[in-house]
Structure formats: C-alpha cells, structure tokens
C-alpha cells in the first residue's frame, strides 16, 4: 500500500463505515455529503458493492445528473463458463448494469459481452504507463545483473512465475509442465504463500532445478522481470492478472491461462494462451516460447512485447465518459 500511495499524484480521502462480513458489504459514512460537496460529473464505484447502491439511491432522491460508472474485474471465463466467485455476484451481473451509465471492464471479451446484453462496456485493462515502466526496468538493470550472477542465470533462459503461492494459481501444474519441457531453462517462482513447502517438495521430486525467491517487491521485483525470459500464469480462476502486463513490458514472452482475464493481452506476437489443466500443451507452449527467445547473452535492455498502449486506453476512457474534449 505504501508503494502505491507514493505514486499517487493526489491525496486520497478515506470513508469509514460498517462492514457486514466481506469488505464489499460496507455501508459508508459521509458518502452523500461528499458527493454534495464535490458535485462530480462522474462517480466511479466498485463493482456491484454496497457503495454503488448507496450512490444510486442518493441520485434517485436528489434527481442528480451525474453518471454512475462501475468497475468490474470479471474475466471472460467467469461469465462464459459460469465460474463466478459467488452466486450473488452472478445474479448482480445481470441486475446492477441496468442502473449504471456504463461499466469499466478488464477483459476485452467481457466488454463485448456487456455491449451485447446492456449496450455498455468500456475496455480498460490494468496497465502500467508504458514509458515510465520501461524506464524503470532499464534503471534496475544493475540489480538484475547482480541477481543473475548470484543465481548463475546470466546465460540461462528463465521461466518466471510471480504471484501468491495458493491453489488457484495452479503452480503444481507449472512445475509438472516445466518438468516435461525439452528446451534448456530454469524455473523461478517469485512469491510466498500457504503452499510454499508443498511446492518445494514437488520441485524436489523432478530432475530439474527450481528457484524459490520468497516474497519480492519494488525494484527487486522489477529486476526479476528483467532476468525472466518466458513468463507463465496458469491460474484456474483469475479475474485479471496484472503481472502479465508487467512481464510483457519487461520484454518477457508469455504463456497465459485461458481462464485469466489478462489473456486478452496475449497475441501471436508475444505468447500463447493455454488450457491450465493440459500439462502437455503447456509444456509445448513453454518450449515454443523459449525457442523464440533465441540465444541468451547476459541481462540486457529489451523491447516491450505489449501490443496495447496505456495512453490509448486511458484516452479512450476519457472520451467515453466525456471527461476530455475531443477535437
């Protein structure tokens, strides 16, 4: 949280409230007075949560003209394959959009679904600012080279995973697929979680090396992206997966689960989308991408593999919400 706040160019204002179980079920104090004071043209709310209904009731009572726009991080898998986090969320997906002016979604296929059913939907994937982030990866190259020297990875192709070590991330199958690859490489797992010890046991049972770094943040995490060559995200349920964008910006090719919302960032130019349950096809995809990496000679600056621009998507959002005058 401290790292996020450091990057903010505004001072956030926090509301207090009463929470009923989950944080999404919080009745906020002072929400109506805040809207009266600021007189916004657009209010952006979390998806289908209590705060949305509070703001909607205020708009009805006061006959206000501001737009209500919701964020929604559903992946296409959650919609198309009935793989929602809860039944309540599934029902609200069909009810709440009727009372919104628009909805911001992460997956381009989800945008198409909302357009078809409600004539609403703006595609804004979670993206880091291309120019700023690429400059940061360049800045931490000395750290990346130190890491490569420490782990003897200078000329070794690296398959990289970044995330929580929990069941939904499907890391056991990543290890199994890695064991079946033919290309010379090493798997690096960056993160921590409840499955750490189990995954270490599984990695010890194969005839290839696996590096576990534990939890890594900030510049050190950026440095690991420079060391990686092929990034893998094999989640069986993943609303989005911002790590895919981070890896692509750092010049990693990617192998991404079809169940992850961030699979919408994958093209034939930067990686492959795979079935997270099919270990053989995942191993084949890893080998394909490792071959496309070519010969590795040290840790150097690389071009981004992102085919979607941060500025392009933000400008599109501003225009859709009439926040910026168009020429």
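Read-outs throughout are calculated quantities, based only on the coordinates presented, and are distinct from any laboratory measurement. Keep in mind it's a predicted model, so treat the numbers as computed, not measured. Every residue, glycine among them, receives a Cβ derived from its backbone with ideal geometry; neighbour counts consider all protein chains shown.
Table for the structure above
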| read-out | value |
| --- | --- |
| Relative contact order of the chain, pairs being alpha-carbon contacts under 8 Å that are 6 or more residues apart, as % | 16 percent |
| Rg/Rh for the chain, where both radii come from Cα atoms and Rh is the Kirkwood radius | 1.00 |
| Cα→Cβ-extended label distance, 7 Å offset, between residue 314 and residue 242, nm | 1.4 nm |
| Cα→Cβ-extended label distance, 7 Å offset, between residue 37 and residue 268, nm | 5.5 nm |
| Pairwise FRET efficiency - residue 124 versus residue 201, Cβ, R0 = 51 Å, nearest 0.05 | 0.80 |
| Helix 108-118 vs. the chain, principal-axis angle (Cα, 0 to 90°, nearest 10) | 30 degrees |
| Estimated 222 nm signal from helices in the chain, with DSSP H stretches of n ≥ 4 weighted -39500 (n - 2.57), rounded to 500 | -12000 deg cm²/dmol |
| Percent antiparallel among DSSP beta bridges (both partners in region 125-252, rounded to 5) | 10 percent |
| Prolate/oblate/rounded label for region 15-123 (Cα gyration tensor, a/c 1.5) | oblate |
| Inter-label distance for residue 5 and residue 184, nm, one decimal - labels placed 7 Å from Cα along Cα-to-Cβ | 4.9 nm |
| C-alpha long axis of helix 130-139 to longest principal axis of the chain, angle in ° | 40 degrees |
| Within the chain, percent of DSSP bridges classed antiparallel, to nearest 5 | 10 percent |
